[in-house]
Structures are given as structure tokens and as C-alpha cells.
Amino acid sequence: MSYLAVENDRRIYFEHHRGDARPIVLIHGWGANTRCWDTTAPALKAAGHEVVLVDLRACGRSDKDFEDVSIAALAEDMVKVVEHLGLTSPVINGWSLGGAVATAAAASLGSRAGGLVLTGGASPRYTATDDWPYGGSAEDVEGVLAGAAANRADTFRGVAGAVCATPPSSDVLDWIWGMFLEMGPAGDDSLRDLARTDLRKELGGLDIPILLLHGRDDAFVPFAGAEAVLELNSRARLVPFDACGHAPFLEDRDRYLAELTGFLKS
């Protein structure tokens, strides 16, 4: 296991699986950690790709007492990992909140990035506004966070239960729930910051291939929002996943891997 100091002596955890094919950085969603990619990363590694997984600040094995857990700070961590490992033209893949982190990181990397993948990505906006009618409200987010503050276990159990369109097995539900419970309370502020983050300018300005892998029945990030990304950047391509919710990499793994590996080879 490896750690990188990114805020004074506070560290984030990452894994670096070497390979000769195109590198890919996998960024988890709010409350999760690198283990959410355990049905994805091994297949990418077996295909020869250089695979990097990162625990966001306050999540998983990363330190829990960060002072800054904003989307901008999380994105800069990804850039530091890319630079630390000397990755060449990496594809940045972000799930859920990780999609916003991936977008901001790709914008910061500029021509050094090889591509962007949004897996049910909360990008370019998670909440609705007058000219972006997709998503919930900041008040909805505060409601979830208030629930977590009062009863963390039950709140995260409910969030875990909404990830998939079709209820998963009890083992899978417990696995997702367990990851959420590993996030420290400071991580709540990442979701709070996501609610006010707008990355339309950054996403629209990317001059790299963009792939959106999005479930039609996503209960967290509306499918219509993913469709709207196509109007922001002509290099974006959307792959719909029928009967899938917020985690197509879990709900339709074989197709997800086929689309992702095809993108990495292009």
C-alpha cells in the first residue's frame, strides 16, 4: 500500500498496479473507497492496463481529519498522484461525486490527460439551477447530511440501498454500506461542496475524448443530465445502460468493461 502527503502531514491512500497499456485512474464516489472497483480494476489489470486507485480525503484508508475536502482539493490530489507516478496520458474515470473530481482533475491536467470517463458522474453539476434543470437541490443534500449527523448507520444504509436499480444481494448491500461507514464525518463536506460546484466551463473546454457510462434509472444523477453533457462538448459520447441505476459497473459489469476497455484502446 502507498500514501501521499497532500495537506501538511495528512495523507491519501492509493494503489498503483503496473501495466504496459494505457493508464487509468479510478476515482470512487462519495462515502465509498477504492474497494468499490474490485470487480473492475482486476479486469483492467488483466488486460495490461496501468491501474491507479485512490481513496479520497476522509475516505477508506486515507486520513480522516483533513481541513479541506472540497472538490477542488480532491481534484488537485488526483493531479499530484498522476505527477507522483509519472503517468503518461492517463484516462481519468470518476464515479458519482468522483465524476466531478475527475472532471476538475482533467481540466487541471489539460493536454496531459488522455481522456475522461464519467461513470454515473455528478458532473458538470449535481444540483439543479435555473439553466441546469437536472438533479436535486442543495436543501436535499443538507437533508441527507442532517440524517447522517443524527443516525449515520441508518442513513448510509438507505443510501446504499438506492445505488442499484434492482435490489442487490444482501452481501452486496452490506459491502456497499460498509464502505460508506468507513468515511469520516469530514467527508460530509465533500458532498456539501459538490452541491454548489459548477464545472460546465471546465467540461466544455476539455479537448480530450469523453465517455459517459450512465444508467437510465440512476436515482442520484438524472440520465437527462448525462444527455445534456453532449451539448457542452462535441467530443463526449454517451452509452446508456438500460435497467441500471447509479453503478453500471456493478449492475452490468460485462458491458461496462467492454465499453471502458474499448475506450481505453481508442
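Where a ≥ b ≥ c are the square roots of the eigenvalues of the C-alpha gyration tensor, would you call the chain rounded, which needs a/c under 1.5, or, failing that, prolate if a/b is larger than b/c, or oblate? Cα axes put the chain in the rounded bin. Ordered by solvent-accessible area of protein heavy atoms (1.4 Å probe), largest first, the residues T103, T129, T155 come out as T129, T155, T103. Here the alpha carbons of segment 56-192 define both size measures, Rg and Dmax, at 15.9, 45 Å.
Considering only DSSP beta bridges with both partners in segment 2-265, what is the antiparallel share in %, to the nearest 5?
On the way: 11 of 36 bridges.
The antiparallel proportion sits near 30 percent.
Can you tell me the accessible area per residue over the chain, all protein chains present, probe 1.4 angstrom, in square angstrom? Provide the component values of the computation, followed by the final result.
Numbers: 10600 Å² over 266 residues.
On a per-residue basis, the chain sits at 40 Å².
May I ask you to give the percent of accessible area on the chain that is carbon plus sulfur, with a probe radius of 1.4 Å?
Working: 5130 of 10600 Å².
Solvent-exposed carbon and sulfur of the chain make up 48 percent of the total.
With both labels modelled 7 Å from their Cα along Cα-to-Cβ, the N8 to D217 distance reads 4.7 nm.
Given only helices, namely DSSP H runs of n ≥ 4 each adding -39500 (n - 2.57), what is the per-residue ellipticity at 222 nm of the chain, to the nearest 500 deg cm²/dmol? Intermediate values should be presented prior to the final figure.
Details: 11 runs with 108 residues, N = 266.
Theoretical 222 nm ellipticity from helices: -12000 deg cm²/dmol.
The values are calculated or read from the model by the stated rules, or taken from the named source; none is laboratory data. Keep in mind the model is a prediction, meaning the values are calculated, not measured. FYI the Cβ positions are ideal-geometry reconstructions off the backbone, even for glycines, and counts take in every protein chain you see. Surface accessibility is based on the protein's heavy atoms, side chains included, excluding ligands, DNA and RNA. Shrake-Rupley method; radii C 1.70, N 1.55, O 1.52, S 1.80 Å.
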